[in-house]
Structure formats: C-alpha cells, structure tokens
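Data block below; observations after.
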Amino acid sequence: MIKYPVKIGKNEVKAAGIRLPISTKNSVIVCRKINKMKTEKAKKFLQEMIEGKRSINRKHYTKTCEEILKVLESAEKNAKNMGIEKTVIKTISVEKGERRLRMKRRRSFGSELKNTNIKIVLKKDGENESKK
C-alpha cells in the first residue's frame, strides 16, 4: 500500500507513479513548478516543456515531463470515474525510489540506476462552488 503525504478527503482523487526511470532532482524542480495548478494548465505546461516551447532555468526536462504527464493523466482519469470534471493539483510529491543496480561489466563494479516515486492528489476545483 502506498502512503500519501496528505489525507484523502471526499472530493479528492489520488494516483502514483512508482519506480519511474527519471532523476529525482529534476522531478522535484518540475513538480514544484506545477504544484497547485489547475490540471488543464499543468498538462499544457508539461506539453510545451516536451515540445521545447517553454523551459525552467533554460532546461526542458523532456523525459521527466513525459513521465509526470502520464501520472497526471492517470489521476485525471480517476477523477472522471468519480464524476469530478474540473480539478486542481492539491499536492504532488517526489521521493527517491527503490535502489536498482545494473550488473557488473568485466572488472568494474555495478552501477546504480535512477528511480523515482511520484504521488499526486487532485481536488475538485473550488471556483464552481463559490459562484453558486
């Protein structure tokens, strides 16, 4: 069972990406940028990063953005199954994943591969409730 950084309430949905082959450091940079964004805006931002139209500190983080986008789309599908149309990212957290070692090659030692866990919690957009 996966533990999330916050308690999941009523109109909230969760999703996780476990053992993703991306850098934890780069994931933290991208996730800090999209935290608390509306999901549509975050998806557009990640797509533009992948295409090279946008950057964070002159870097595009293409591989990281692709993996985060998959997790975000998964969470959005979970929200649609629960009947929630518009969502906002409540929290998105990044953790260093389980250690994976590549086998030895000739006389050298094995090398450690990158691994990251990403957990995301979406909540219902509050603008619709305040207008009513």
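Numerical summary
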read-out	value
Residue that is farthest from the chain's Cα centre (by Cα), among those in the stretch 51-77 that are closer than 21 Å to A16 by Cβ, of a type outside the set (G, A, S) and surrounded by fewer than 17 Cβ atoms within 10 Å (Cβ to Cβ)	K77
Subset of the stretch 15-33 (residues that are of a type outside the set (V, I, T), touching a residue at least 24 places away in the same chain (Cβ under 8 Å) and within 14 Å of G97 (Cα to Cα))	A16, G17, R19, L20, P21, S23, N26, S27
Lone unmet requirement of (1) over 12 Å from N117 (Cβ atoms); (2) touching a helix residue (DSSP H, G or I) at 6+ places or on another chain (Cβ under 6 Å); (3) not in a helix (DSSP H, G or I); (4) not basic (K, R) for V94	(1)
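The numbers here are math on the coordinates, done by the rules we state, and not lab data. Predicted, not measured: the structure shown is a model, and the values here were computed from it. Ideal geometry is used to build each Cβ from the backbone, glycine not excepted, and the neighbour counts take in all protein chains shown.
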